[in-house]
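Take a look at the structure set out below.
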Amino acid sequence: MRFIHTADWHLGRYFHGVHLTEDQRQLLLGEFLPLVKESNVEAVVIAGDIYDRGVPPVEAVDLFNEVLTKLVEQRVKVLYIAGNHDSAARIGFGSQLFARSGVYVRGELTADLAPVVLEDAYGPVAFQLFPYMDPASVSNVFPKEDEAAPRMSYAAAHRFVIERARKVLPHGCRSVAVAHAFLAGGQESDSERPLAVGGSGNVPPAVFAGYNYTALGHLHNPQAVGRAQVRYSGSLMKYSFNEAQTDKSVSIVELDGAGEVQLEQVALHPRRDVRRIRGAFADILQDEQAYPASQDYLEIELTDQRRILGVQDQLREKFPNFMHVSWAGLSEAAEDRPVTYHGRTAQSQSDAELFGQFYEQMTGRALAAEEQAVLASCLKEIQQEARENR
Ligand SMILES: [Mn+2]
């Protein structure tokens, strides 16, 4: 059995004010679908976070519809689950109908843990689909007799459901688990939404020990956890600047007749990369060698020791899709120099003055009179609320 493992597409993602759906469309239609065809796989597994949010934009739904349809036309089976960003019920839409076309979906966790069984030349392979599950949904689906029992931890909830699922697998059958969870030892990036306050990266990889391969979603950097066959494919694209160093890929999984797994990572190439550049403003603007003009999504770290007004417009000409400027040199120098504005330090300024100064630094222009009026009324409201709550 040869299949592609991917996850965390986050269709409809909004990144620093830009809708990424068009980038996602070009990547999926222009690179992913041809890859599916060339790599001769029998199935595509998407391990959750299909969409970026429970109610995704229409363009994102259209895109997923188009990709699914093309995969079915290419006679490839598709298996997908809901992640923590998805609405479980909406992801589950049409699941019984879709199964007739070879598209297998688990949106909500149900007591029915029967696997999807696909056949290859060596016999059956059981795919067990575990949509995103938190302790509350597990206790809802499998109520305990003892109501007074303490609430399960994430780890206990996963162990409970997976042990149960193992029992319904045909004996001796090769098996693949598909899940959306945070496993102990996994490395986070800046673009996952935490599963729970205080973190819940405590599901031990060993709960998946019985499976020949575990296709995981949730963590956005590609990585194995515990052993090579328990794996996060990583997200479709870079969704935060701290992922800039790691290129995205999908995993091609080859499961032989004995259940042994061969893995191959195939890199993805979106039309615009997410990158960080760092340097002095004048260099970044003029040095074509070190800083070539680019359409990429950039975070620009300026090392200048003095703030320069109006950098945004000039940077925009060379880097039309840059997203963020930070003043790295300023914070280093600011340690021993109090920030002043019209000759006064921050401590001696009013909130309105401080905000006006911040606004000017960010946009390069001062607040207009009517903007100052709006600001004043907001501040008044905030101060009033603060007084009432005291
Ligand atoms: Mn995700």
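The values are calculated or read from the model by the stated rules, or taken from the named source; none is laboratory data. In this text, all values refer to a predicted model and were calculated from it rather than measured experimentally. Note: ideal-geometry Cβ built from the backbone for every residue, glycine included; neighbour counts use all protein chains shown.
Residues being surrounded by fewer than 20 Cβ atoms within 10 Å (Cβ to Cβ) and either in a helix (DSSP H, G or I) or within 16 Å of the ligand (Cβ to nearest atom) (or both) are entirely absent from region 111-120. Scanning region 361-379 for residues that are under 23 Å from ASP313 (Cα atoms) and in contact with a Phe, Trp or Tyr (Cβ under 9 Å, 6 or more places away or on another chain), which turns out surrounded by the fewest Cβ atoms within 10 Å (Cβ to Cβ)? So the residue we want is ARG365.
Just to verify a result, which residue in region 291-314, among those that are in a strand (DSSP E or B) and free of Cβ contacts under 8 Å to residues at least 40 places away in the same chain, is farthest from GLY234 (Cα to Cα)? Restricting to residues being in a strand (DSSP E or B) and free of Cβ contacts under 8 Å to residues at least 40 places away in the same chain, the top hit is LEU302. Quick one: in region 219-238, of everything that is touching a Phe, Trp or Tyr at 6+ places or on another chain (Cβ under 6 Å) and among the aliphatic types (A, V, I, L, M), which residue is farthest from the ligand (Cβ to nearest atom)? For region 219-238, the residue satisfying everything is VAL230. Conditions first: (1) surrounded by 14 or more Cβ atoms within 10 Å (Cβ to Cβ); (2) over 15 Å from the mean Cα position of the chain (by Cα); (3) under 27 Å from SER326 (Cα atoms). HIS269 passes all but one, so which condition is the exception? The one condition HIS269 does not meet is (1). The residues of region 273-290 that are outside any strand (DSSP E or B) and surrounded by 18 or more Cβ atoms within 10 Å (Cβ to Cβ), listed by number, are PHE281, ILE284.
Of all residues in region 1-20, those being within 16 Å of the ligand (Cβ to nearest atom) and under 17 Å from PRO56 (Cβ atoms) number 10. Of all residues in region 193-210, one or more are touching a helix residue (DSSP H, G or I) at 6+ places or on another chain (Cβ under 6 Å), closer than 22 Å to ASP86 by Cβ and in a loop (DSSP other than H, G, I, E, B). Considering region 45-83, and only residues there that are touching a residue at least 12 places away in the same chain (Cβ under 8 Å) and among the hydroxyl-bearing types (Ser, Thr, Tyr), the residue that is nearest to the ligand (Cβ to nearest atom) turns out to be TYR51.
Matching residues to (1) closer than 27 Å to VAL274 by Cα; (2) at pLDDT below 90:
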site: LEU309; (1), (2): yes, yes
site: PHE322; (1), (2): yes, no
site: ALA334; (1), (2): no, yes
site: ARG344; (1), (2): no, yes
site: SER350; (1), (2): no, yes
site: LEU367; (1), (2): no, yes
site: LEU379; (1), (2): no, yes
